[in-house]
Amino acid sequence: MQRVSRENLTAWAVACLEKVGVPPPEARLVGESLVQTSVWGVDSHGVLRLTHYLRRMTLGSIKAAATPVVMRTGPVTAQVHGEDGLGIVHATLGMETAIEMARENGVGVVGVGHSSHCGAMGLYTRMAAKEHLVGIAMTHSSSVVVPHGGKHKYFGTNPISFAFARGNGDPLCLDMATSQVAWNKVHNARMENRPLDPGLAVDGDGVPTTDPHLARAAVPLGGPVYGYKGFGLAFVIDLLCGAMNGMTYGRHINAMYEELEQPRKIGHMLMAIDPGRFAGGAMLEGTVDAAIEDLRTQGDILYPGEPEAREERERIAAGIPIDDEALKDMAQWSAKLGVEPPSEKKP
């Protein structure tokens, strides 16, 4: 394993994206977003996903230079047609539009359709929090999670995120899958050839397994007994992100790592709320701080988003760890595109 600096990884990612035809502003946005996610320690959605995007763009299922279209459908609602481009571009545009409407009218709700994988949802909710708004974001994804009571995959991991600004410090940001873990963590475990924790995945027969190479589906949040909670959340997120945006649902979504020549047709939902329109809005940021400090009296409790903030400080100083197998994949794409591969961070 090597550690690579944020600057080095970002330069590499942007160069690769530009080489496959992504316009420079969008290449910078996507590269910085993926690397920032890795800086937070969310490696399942970070820079390791770039080579997957590159594969799809070279095959044409993600359009490198697509121009998304924003349609205002009311004072507080809008729809983004992604034109089968990069999901990070679409979700960013969706949250920017939601923020604009929230400033004007108190709330903004934006649906996105005809999109692709958009990375970590915390990227977008933090955008709202930086503007002193409450951010909500969610997306659906292809079938990789068994429904509660079932044996075979049906819904995606269907993540959801909320973010609140604080009076002092980094935003409070909850960013979670509705499965026990994000499926990309299984892919990372395969690349690193390490076992999964118990209770995260099942094999092709629906039997629990810790072998990432045998894993065929994830388990809903709550596990074998209480998984109806994660399953229920996944169901309603699929309706909000898929059906509400004119997209499909569940097992009918094109698989992320299969059907590479077919557009994903993913949907997202982005929301921003102006807390100033509510009774406690003027005090909300201070209340978030007070609640965190009150929780600290119960022990060494970390608020949602604090592990990522701590990891960010460590990784900026020491570099982002990249597994040898992932480095090989990066090197192969670097050679293919004629880009200098990312190099190890020097102490």
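Read the figures in this text as sums done on the coordinates, not as results from a lab. Just so it is clear, the model here is predicted, and its values are computed rather than measured. Cβ placement follows ideal geometry from the backbone for every residue including glycine, while neighbour counts extend to all protein chains displayed.
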Debye-sum result for the chain in log10 I(q)/I(0), which assumes one identical scatterer on each alpha carbon, at q = 0.09, 0.12 Å⁻¹: -0.48, -0.89
With a cap of 15 neighbouring Cβ atoms within 10 Å, and only residues DSSP puts in a loop, list the GluC sites (Glu not before Pro) found in the stretch 172-275. 258, 259, 261
Mind giving me the nanometre distance, one decimal, between the label points for residue 229 and residue 15, set 7 Å out from Cα along Cα→Cβ? 4.7
Any GluC sites (Glu not before Pro) in the stretch 280-347 that lie in a DSSP loop and have at most 14 other Cβ atoms within 10 Å would be 344
Output for the stretch 3-109 (equivalent-ellipsoid semi-axes, sqrt of 5λ from the C-alpha gyration tensor, Å, descending) is 27, 17, 10
Per-residue HN-Hα couplings for the stretch 44-58 [Karplus 6.51, -1.76, 1.60; θ = phi - 60°; Hz; x = Gly/Pro]: 4, 10, x, 5, 5, 7, 4, 5, 5, 4, 4, 4, 5, 5, 5
List every residue whose amide H lies under 5 Å from the amide H of residue 143, counting only residues 5 or more places away in sequence or on a different chain, with H placed 1.01 Å from N in the peptide plane. 253
For the chain, what is the percent of antiparallel DSSP beta bridges, rounded to the nearest 5? 85
Could you tell me the ratio Rg/Rh of the stretch 24-75? Both radii from Cα atoms, Rh via Kirkwood. 1.09
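Among the trypsin sites (Lys or Arg not before Pro) within the stretch 144-199, which fall in a DSSP loop and have no more than 15 other Cβ atoms within 10 Å of their own Cβ? Intermediate values should be presented prior to the final figure.
Values: sites: 151, 153, 166, 185, 190; in loops: 151, 153, 166.
Those that pass, being in a loop and sparsely packed, are 151.
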